[in-house]
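The values are calculated or read from the model by the stated rules, or taken from the named source; none is laboratory data. Note that the coordinates shown come from a computational prediction; the quantities given were computed from them, not determined experimentally. Heads up, the Cβs are rebuilt from the backbone with ideal geometry, glycines too, and the neighbour counts pull from every protein chain shown. Protein only, heavy atoms only, side chains kept; ligands, DNA and RNA dropped before computing areas. Shrake-Rupley method; radii C 1.70, N 1.55, O 1.52, S 1.80 Å.
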Amino acid sequence: MRRLLIYLTYDKQNIIDDYIGYFLHSMRTVASSVIVVCNMPGIEKGLYNLTDHADSIFYRENVGLDAGGFKDALCTYVGWEKLREYDELILANDSFYGPFDDIRKIFSEMESRNLDFWGLMRGGPREYGATGKDPEHILSFFYVFQSPLLHSEDFRSYWEEMPYYGNYMEVVMRYERQLTRHFAALGYRYDTYANTAVNESRNPRNQFFQCDCLAYEMMRKRNFPFLKRKQMTYNTLYCQTQENPALSIEYIDKETDYDVNLIWKHLIRTQHPTKLQRNLGMQYILEEKKPEKKYDSALICICADWENAAETVCEYLDGIEEVCDVRIYTDSTKVVECYRKRGVAAILSESTDMEILRTIDTERYQYICLIHDSDLSSEQIPSRSGKSYFFNIWENLLKNAGHIGSVINLLETKPYVGMLMPPVLIFGTWLGEIGFEWEQRYAEVQEYLAELKIHAVTDPQIPPVNVTDNFWIKADVLKFLAEKPDLSDQAYRYLWNYIVQGSGYLTGVVESAFYAAMNETNYHYYLRTMIGWFTEVYGAHQKLSEFQEIFRVQSVVEKCRKRYKKWYVYGTGQMAERLFDWIWDTDAFIVSDGESRHPTFHGKPVMYLSDLDLQEEWGVILCLSRENRDNVVKLLEERGIKNYYSVN
């Protein structure tokens, strides 16, 4: 049987990662020909992942996204006459990792079902929001079309008549969620490989995309030997906990022959490190590991500034110097003398943190701990708070020799972890600093990263894992920094997570078992207390996202009240209903032309978009689901309306 694979890829940095090469290599066992469509002008790195496996490569602008790329491939690059030479057509994009099993088994199974087209995973009929409805459909990351559908006029006309969609949600709503129904209505038979029936519901509001939310179960039990990329940073806390990403990675690593480093390499380059730290459970709680040897590859660098901390530092160092090298640096002769009296050597030095790190022999030492003491007196803050601050750092980074053994074992067995930090402080005056003034610092951090020529994924709304100058770090990260220009120690506090990512690693959080047990109860206390306050002020809500909607709508309503004589709310669905107490003084509600409408919503007039006077200046607040928001934004911008604000 002659099969043609058309594979579509897109990357903001014009890089083709090795997981793509692995997939194309696997597909050559079933595909006679492979054509790759790159929705980007060229390849900066990793071209071999295409040239080693593809017969042809075509480059285009990202017009119409993957649907547009497939349209051009079929209608222009390949052509309908050439397509007649093939018995099957495979359309796949780069949005998943795998396969984790022999791809030939999948094709053998699906060939036996006597179908016209098929895929790997389906989405059941679904309802959402006030009016949103999806038919059952094959998820579009992997389609297979067989004769006679492939050579039919129905197939050709579908692609020739399909427009170039303008944005992601338009592609999802009009291409992915409609293609299956379109061909099924013409009498063509379809099915999917993965077994999703066990989690489907007769209630369309309980349907969900199983490869996003139940990735581990899909791989382990339900015949789905792939992992969707999006799932690794997909926030499911509105409906479930986040166990699936970490369990999925562990399953792939331990139970399959797939090289999990192909996934890590791509994730580290393309995803936000804070998201990965949370979604993949990179919060490591360590039991003490009795050291069996001296760790010659480990070095502890202590920056000592306080005489009053020397006693506590020496207590922690008791036994540690037997398992790894320790250096104490200080710019104070008094502090040097203080340590010498206790039989501990200290180096008199005015070096900054970075100057100390740059002098380390990174061929000899593979794992370095940089750690500071702190003021344990009551001169600046009560010593009870200062000592708890100190405890947070030292208990989790240098608890004792056994703890250090566990840290080094972790760094050795987790090749993708380049740095370990203590947990964020959530007590005393530090609770109010938990956001790290991130939004105010964001532009500054971007300038620093540009100066260092470091690519990292940042977000003004998502702070780093932690802002600190206390951590364990791998020597490879320091080697990466070796030729970079120097910055202030204060700047590096905000940059470490992104430096680590730029060097090809991720940042995790490390805690001793004792500290983690205590800290967990503190987090629960804060959560219960704050949710109680939110509920008292804003009413009871089941989801964090609903509180976020309230905070957002309060902000945008205040802007509209100050800036415009008139402002409107787009939408009369569930979100507008939930938020009515904060938008009640709008001039009117808006719905799209052609939609059914009631003349009023809670006593306020409901207008069509075309009814608005475009000569006046007014603001619009979008109370819409994300599925509907992008389409409405397009309508507004087509009319020249720029003063719109989204609640989500």
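Just a few scattered comments:
- Segment 510-524 residues that are within 12 Å of I426 (Cα to Cα), paired with ones that are charged (D, E, K, R) (beta carbon under 9 Å, 6 or more apart): N519/E511
- Residue, surrounded by the most Cβ atoms within 10 Å (Cβ to Cβ), within segment 591-619, restricted to residues that are within 20 Å of E638 (Cβ to Cβ) and among the hydroxyl-bearing types (S, T, Y): S592
- The residue of segment 191-215 that is nearest to V144 (Cα to Cα), among those that are open to solvent by 60 Å² or more (accessible area, probe 1.4 Å) and in a helix (DSSP H, G or I), is A197.
- Pairs are defined by a Cβ separation below 9 Å, a sequence spacing of at least 6 or placement on different chains, a first member in segment 630-648 that is on the phi > 0 side of the Ramachandran plot, and a second member that is surrounded by fewer than 16 Cβ atoms within 10 Å (Cβ to Cβ); the pairs so defined are G640/L614.
- Segment 558-590: number of residues that are free of Cβ contacts under 8 Å to residues at least 40 places away in the same chain and either within 18 Å of E617 (Cβ to Cβ) or open to solvent by less than 60 Å² (accessible area, probe 1.4 Å) (or both): 11
- Filter result for Y164 (modelled with pLDDT of 95 or more, outside any helix (DSSP H, G or I), surrounded by fewer than 18 Cβ atoms within 10 Å (Cβ to Cβ) and on the phi < 0 side of the Ramachandran plot): yes
- Top-ranked residue of segment 13-45 - restricted to ones that are in contact (Cβ under 8 Å) with a residue 60 or more places away in the chain and of a type outside the set (V, I, T), ranked as nearest to Y168 (Cα to Cα): Q13
- Pairs meeting the criteria (first residue in segment 595-607 and within 18 Å of W582 (Cβ to Cβ) and aromatic (F, W, Y), second residue modelled with pLDDT of 90 or more and open to solvent by less than 60 Å² (accessible area, probe 1.4 Å), beta carbons under 6 Å, at least 6 apart or on different chains) are F601/T572; F601/F589.
- Taken together, the residues in segment 127-161 that are assigned to a loop (DSSP other than H, G, I, E, B) and touching a residue at least 60 places away in the same chain (Cβ under 8 Å) amount to 7.
- In segment 306-320, the residues that are closer than 15 Å to A345 by Cβ reach residues that are open to solvent by 20 Å² or more (accessible area, probe 1.4 Å) and among the basic types (K, R) with C-beta atoms within less than 7 angstrom, at least six apart or across chains, in these pairs: A310/R342; C314/R342.
- Matching residues, segment 475-507, being hydrophobic (A, V, I, L, M, F, W, C), over 15 Å from P464 (Cβ atoms) and not in a loop (DSSP other than H, G, I, E, B): A475, L478, F480, L481
- You will find that of I434, I454, the residue that is under 26 Å from L267 (Cβ atoms), of a type in the set (V, I, T), open to solvent by 10 Å² or more (accessible area, probe 1.4 Å) and touching a helix residue (DSSP H, G or I) at 6+ places or on another chain (Cβ under 7 Å) is I454 and no other.
- Helices (runs of 4 or more DSSP H) wholly inside segment 233-342 that include at least 2 residues being under 26 Å from D375 (Cα atoms) and open to solvent by less than 10 Å² (accessible area, probe 1.4 Å): 310-317, 333-341
- Within segment 97-141, the set of residues being under 15 Å from R222 (Cβ atoms) and either open to solvent by less than 20 Å² (accessible area, probe 1.4 Å) or of a type in the set (A, V, I, L, M) (or both) comprises G98, P99, I106, G119, L120, M121, G123, G124, L139.
- Residue within segment 440-453 that is out of contact with any Phe, Trp or Tyr (no Cβ under 6 Å at 6 or more places or on another chain), among the β-branched types (V, I, T) and either more than 30 Å from A246 (Cα to Cα) or not in a loop (DSSP other than H, G, I, E, B) (or both) present: no
- Contact annotation: no residue pair with Cβ atoms under 8 Å, 6 or more positions apart or on different chains, pairs a residue in segment 196-217 that is on the phi > 0 side of the Ramachandran plot with a partner that is at pLDDT below 90 and in a loop (DSSP other than H, G, I, E, B).
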